[in-house]
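Everything on this sheet refers to the single structure shown next.
Values in this text are rule-based calculations from the coordinates and carry no lab data. Since this is a predicted model, take the numbers as computed values, not measurements. Here the Cβ is made from the backbone with ideal geometry for all residues, glycine too, and neighbour counts use every protein chain on show.
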Amino acid sequence: MTHKKQHYLLNRAEEANVLLKEHLDQDQVVRVISHNDSDGISAAGVICNAISQEGGKFHVTLVPRLQDKVLDRLSQEKYKLFFFCDMGSGYVERIGRLNGQSIIADHHQTMDSTGDDEETVVHVNPHLFGLDGTRDVSASGVTYLTVKSFNKVELAGLALVGAFGDMQYANGFTGVNETILSEATEAGVVQEHEDLKISSKTEPLYKALAHTFQPAIPGISGNLEKSQAFLEKIGISYGIKFTDLANEEKDFLTEHLTRINPKIFDTVYSMPQEKPALRNLEKYAEILDACGKNKKYSVGLSICLGERDSAIAEGVEYLSKYQESLIKGIRWISREGSQEMDYVQYLYTEDKGNKKIMGTLASLGIELEILNPQKPVITLSRMHQDVKVSGRTTLEMTQKGVNLGFALEQAAKSFNGAGGGHNIAAGAMVPYKELENFKNLVNDIVGSQVS
Ligand SMILES: [Mn+2]
């Protein structure tokens, strides 16, 4: 059944490929618009690499959202083919009115129409065929399907980088991602092996462990002193590099870390042909994510497009800066704790550095057992007149009835704000002057969800 659905999706992607090929044959410049996050940058990388390998030309722009003003600008442009990645499904009709023809390679559920009535649009989205675009395929994967007929299996690795970026990997890949992975491994483009998932093997161990956040190691991640103390306690010199350890020491360390978090020893996916810094798919996604968070989208794109050495060095630098800011943030929540109410807990900041990472800090605070996992964490970042809100909780709490998307939407609406999202992670924006009322209302709503 699922296989059949994937087949329908692939047929639609094939239609897109035919349209793309027509324009490439006529030497038309393809206008690519993609999202500026890790998945969007990977998707842009997939399509732009494919186009240039086919001898074609592209003009690419990365945007945070497909707002009206972006579409207004595009409607002035004279390109014959527009290619939207990681966005567009919510604007099928407007895209249908652009001057040229369009391909939409998206995986979001928001849709204004299926696009079946639009003569100038080929709409490729798993949801149109009853497939799950939240877990089973990201935009880079959907985009990859549209160029598959060009025999582009070497781009399958990048297609999975986007899936990592969108957090679609959970103890394995499923659905379309799984199909892409097996093609990639069969072709030798991607290799799987079991390994210790620490952030670096060539940095002093105490740093490598403190900088490991995926997965998080409670009592060690984000804390250089505790990382050092842990290594001293098990009798491994903290300044040594992992690669310089004797084999017994490697096993010994692995054993101790696995006791804290079994996920630390797990499957690792790599591209043997890639530059060392990008070989590990998950790390590649983290580098692109760090470029995105630093608003250096073009650096991320350059990395994907193979304009390598300087861009990679820059991307790696952004990643280590990001890790530093997480360490600072973790130090802050360890010191200050959260403000607990009966059913939720709050973290409030006006600090510029913290504001950028509040959602991640909320998740890490729970994972690292610094914050109480029994109460959803709601972060509040002051932005002039408004407060930006992010909420995170655990799977267990959602099973008890917590739905943060609903709680934040309802509470924000009550005070002239807006919000929404998923049961486990959500966001909102509310006026600062209503903050205390908003906090009380969220607490009440979550209280009613769990009782
Ligand atoms: Mn995406």
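Loop-resident GluC sites (Glu not before Pro) (DSSP state other than H, G, I, E or B) in segment 285-334 with no more than 13 further Cβ atoms inside 10 Å of their Cβ: GLU307.
Taken as Cα centroids, segment 303-332 and segment 371-424 sit 28 Å apart, rounded to the nearest whole angstrom. Here the label points at GLU324 and ASN247, each 7 Å from Cα along the C-beta direction, are separated by 3.9 nm in the simple model.
Subtracting the Cα-Cα distance of GLN399 and GLU178 from their residue separation scaled by 0.36 nm leaves 76.9 nm.
Among the chymotrypsin sites (Phe, Trp or Tyr not before Pro) in segment 365-437, those placed in a DSSP loop whose Cβ has at most 16 other Cβ atoms within 10 Å are PHE415.
Can you tell me how the chain classifies by the Cα gyration tensor, rounded, prolate or oblate, using a/c under 1.5 as the rounded cut? List each step's numbers first, then the result.
Details: a/c = 1.90, a/b = 1.23, b/c = 1.55.
Oblate is the answer for the chain, as a/c is 1.5 or above yet b/c matches or exceeds a/b.
Where in the chain lies the longest segment free of trypsin sites (Lys or Arg not before Pro) that are both loop residues by DSSP (not H, G, I, E, B) and have at most 13 other Cβ atoms within 10 Å? Present the calculation step by step, with values, prior to reporting the outcome.
Details: sites that count: ARG65, LYS78, ARG97, LYS295, LYS400.
Longest site-free region, per DSSP loop and neighbour criteria: 98-294.
The label point for ASN416 and the one for ASN372, both projected 7 Å from the Cα toward the Cβ, are 3.3 nm apart. Measuring between alpha carbons in the structure, the pairs from LYS5/LYS152; LYS283/LYS352; LYS80/LYS148; LYS356/LYS413; LYS78/LYS293 lying more than 28 angstrom apart are LYS78/LYS293. For ASP266, the residues whose modelled amide H falls within less than 5 Å of its own, excluding neighbours fewer than 5 places apart on the same chain, are ASP195, LYS197. Distances between placed amide hydrogens fall under 5 Å for ARG279 paired with no residue 5 or more residues away or on another chain.
Multiplying the residue separation of LYS233 and ILE260 by 0.36 nm and subtracting their alpha-carbon distance yields 8.3 nm.
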